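Please treat every number below as a calculation from the coordinates, not as lab data. In this text, all values refer to a predicted model and were calculated from it rather than measured experimentally. Glycine gets a Cβ as well: all are built from the backbone with ideal geometry, and neighbour counts include every protein chain shown.
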Amino acid sequence: MEGVVSINGRDFRYRVVRNSVKHAYIKLKRDLQIEVVVPKKVNGLDVENLILEKKDWIEKKAEEIERSLRIYKDGKVLFKGKEYEVVFERGERDKVLQKGSKFVVQYSDGDPVEILLDWLKERAKKELVREVESWSKKLGIEPNNVRIKEMKTRWGSCTKKWNVSINWQVIVLPKRLRDYVIVHELIHLSELNHSKRFWARLAEVFPDYQELRRELKKYAIMGL
Ligand SMILES: [Zn+2]
């Protein structure tokens, strides 16, 4: 059984799959199709209602998938400013290997793209924290707390309480642009607004910051 359901004015295709499960559940696939998995013996389920009960989750997940298209699309992954080919292989367990100009994703039964994205997120967390720490020392600006997380529309942000957040997807950027994003946020700790003083301070580190801002815009796809 298939159909289309509208969630806040946006159409989602759905497909019902019968399986030996106890309870019905919903998946959103990377092509943004909803899959409703229902127990084999249950009849008369109101599938559309089941989907609508989960509409907030579906919308959030759809946005997440769309944002991730900047990182992975059509067998190519963007990592630290370079594009790599991705090879998916069935294996005993889930594993990601970086082999020269390729990423090899070994997967057992999970979604291989999810495995790749999870791996990249973990890598991003480790590397970006290190990069923030290193800039923090260089600049003598020490945040209270650094978080690397999923962010909807920004590369980074900071608060008056001296907390810095960096979007984990910054890992797609080449080194100089990652540096720019990090330094931009660190300087914001003492200069909250984009004042003249803010840009002057930034120019001390990056005399070519205007060029960097332009370059960064090229990476701003999918609403970022
Ligand atoms: Zn700013």
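Observations on the model:
- VAL113 vs. criteria of a type in the set (Val, Ile, Thr) and over 14 Å from the mean Cα position of the chain (by Cα): no
- Among the residues making up the stretch 25-67, those that are touching a strand residue (DSSP E or B) at 6+ places or on another chain (Cβ under 8 Å) and among the β-branched types (Val, Ile, Thr) are ILE26, ILE34, VAL36, VAL37, VAL38, VAL47, ILE51, ILE58, ILE65.
- Where SER68 falls short, out of the listed (1) touching a Gly at 6+ places or on another chain (Cβ under 6 Å); (2) within 30 Å of GLY9 (Cα to Cα): (1)
Table: residues versus (1) of a type outside the set (Ser, Thr, Tyr); (2) under 30 Å from GLU92 (Cα atoms).
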position: ASP111; (1), (2): yes, yes
position: LYS126; (1), (2): yes, yes
position: ILE148; (1), (2): yes, no
position: VAL181; (1), (2): yes, no
position: SER195; (1), (2): no, no
